[in-house]
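Rule-based calculations on the coordinates, nothing more; no lab input. Just so we're clear, the structure is a prediction, and the values are computed from it rather than from any experiment. Glycine gets a Cβ as well: all are built from the backbone with ideal geometry, and neighbour counts include every protein chain shown.
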Amino acid sequence: MRRKLAAGNWKMNGTAADLHQIDALAARHPVPSVDVLVCPPATLLARMAGAVADTAITVGGQDCHQEASGAHTGDISAQMLAAAGATFVILGHSERRTDHNESDALVAAKTAAALAAGLDPIVCVGESLEEREGGRTLEVIGRQLDGSVPDGVPAARLVVAYEPVWAIGTGRTPTIQQIEEVHRFLRKRLTERLDQQARSVRLLYGGSVKAGNAADIFAVPEVDGALVGGASLKAEEFSPIIAALEQAR
């Protein structure tokens with residue numbers, strides 16, 4: 001059985017004054033029946049890791065460089081994230097692909113670097129609105145998945161998040177049928193590559209997930225959890241999403 005995962009991505013939000021949110025979240029979920037992960041900005045990672053050290057919550061990074069070290073001003077290596085207390089790292093998020101022109105090959109290199117450093121990668125895939133309306137969703141996602149996941153990846157450590165670009169932070173979400181279609185496609189595509197090991201890969205949905213729609217999303221076959229953006233910034237908003245995932249079959 002794949003253990004379900006509720007992952008929060010704080011993106012470029014939060015300062016030390018917001019760390020009380022992680023304390024409140026830990027208090028609300030002292031013994032969660034699902035994995036709970038929060039990925040803060042790098043400036044908060046070490047402090048947040050310390051804050052959750054005696055809780056069931058884990059922390060992760062939002063990106064890493066593909067090299068272990070070197071002359072890469074402003075970048076952070078996977079080893080640095082691990083040393084700061086991270087256990088996961090988000091890679092290939094659409095905001096990185098768009099804002100920083102990240103290719104599938106670069107995401108694959110970062111994924112390999114994360115695995116080598118002991119981090120579990122959350123590899124993101126998703127189509128734009130133009131691609132969705134043009135009927136190219138599965139084509140785009142298949143290409144991203146194939147190109148972003150390196151050969152030899154240990155399936156039990158891989159997480160794949162489907163985040164339609166047009167649903168991120170917009171309040172819009174795909175229909176349940178659209179989410180199911182993509183998640184079934186992801187499982188099939190992974191199985192073609194990884195054989196039965198693909199059953200160990202956790203598949204998350206992300207894109208305007210909130211308390212009001214979480215239960216319906218988590219009822220979709222092959223949805224093993226969520227990658228949550230804005231709703232993860234406050235404990236009172238993230239907590240009911242976690243609770244919905246705990247109640248999902």
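Listed values for region 161-169 are Karplus-derived 3J(HN,Hα) couplings in whole Hz (6.51 cos²θ - 1.76 cosθ + 1.60, θ = phi - 60°), namely 10, 8, 10, x, 4, 6, 9, 7, x, and x replaces Gly and Pro. Look at the alpha carbon pairs under 8 Å that are at least 6 residues apart: their mean separation over the length of the chain gives a relative contact order of 22 percent. Summing charges over neighbours of L81, with a neighbour being any other residue whose Cβ is under 12 Å away from its Cβ, gives -2 when K and R count +1 and D and E count -1.
The residues neighbouring L245, those whose beta-carbon lies less than 15 Å from its own, together hold a net charge of +1 under the Lys/Arg +1, Asp/Glu -1 convention. Each of A17 and S33 was given a label point 7 Å from its Cα along the Cα-to-Cβ line. The distance between the two points is 3.9 nm. As a proxy for reagent exposure, ranking S128, S69, S33 by other Cβ atoms within 10 Å from fewest up yields S69, S33, S128.
Relative protection proxy for 241-248, 169-176, from highest mean packing down: 241-248, 169-176 (other beta-carbon atoms within 10 angstrom).
For the chain, the residue among S103, Q247, H20 whose Cα projects farthest onto the positive side of the dipole built from Cβ charges is Q247. Here region 101-212 is treated with +1 on each Lys and Arg Cβ and -1 on each Asp and Glu Cβ, and its dipole about the Cα centre works out to around 380 debye.
Mind checking the full-extension length gain between S103 and D151? Use 0.36 nm per residue of separation minus the Cα-Cα distance, one decimal, nm. In short, 15.6 nm is gained. Shape annotation for the chain: C-alpha extents along the principal axes are 45, 44, 34 Å, from largest to smallest.
The residues T87, T15, T137, when put in order of fewest to most other Cβ atoms within 10 Å, stand as T15, T87, T137. Computed from the C-beta positions of E246 and R193 and an R0 of 45 Å, the FRET efficiency is 0.90 to the nearest 0.05.
May I ask for the distance between the Cα centers of region 215-249 and region 48-127, given as a whole number of Å? Here the two parts' Cα centres lie 22 Å apart.
GNM remark for the chain: springs join alpha carbons under 10 Å apart, and the peak mean-square fluctuation among V31, V123, V201 falls on V31. Can you tell me which of P150, P40, P164 moves the most in a GNM of the chain? Springs connect C-alpha atoms under 10 Å apart. In the Gaussian network model the winner is P150. Partner lysines whose Cα lies under 23 Å from the Cα of K110, excluding those fewer than 8 positions away in the same chain, are identified as K11. Local charge for G60 was computed over the other residues whose Cβ lies under 12 Å away, with Lys and Arg +1 and Asp and Glu -1, and equals -3. Under a 5 Å amide H cut-off, with hydrogens placed 1.01 Å from N, I76 pairs with H65 among residues at least 5 apart or on other chains.
Placing +1 on the Cβ of every Lys and Arg and -1 on the Cβ of every Asp and Glu, with nothing else charged, gives the chain a dipole about its Cα centre of roughly 480 debye.
Shown for the chain are the DSSP H helices of 15 Å or more along their axis, judged by Cα atoms, with a mean Kyte-Doolittle hydropathy of at least -0.5: 104-116, 137-148, 235-247. Is region 126-249 best put as rounded, prolate or oblate by its Cα gyration tensor, with a ≥ b ≥ c the root eigenvalues, rounded for a/c under 1.5, and otherwise prolate when a/b is larger than b/c, oblate when not? Oblate, since a/c reaches 1.5 and b/c is not below a/b. Dividing the summed helix terms, -39500 (n - 2.57) for each DSSP H run of n ≥ 4, by the number of residues in the chain produces a 222 nm estimate of -12000 deg cm²/dmol to the nearest 500.
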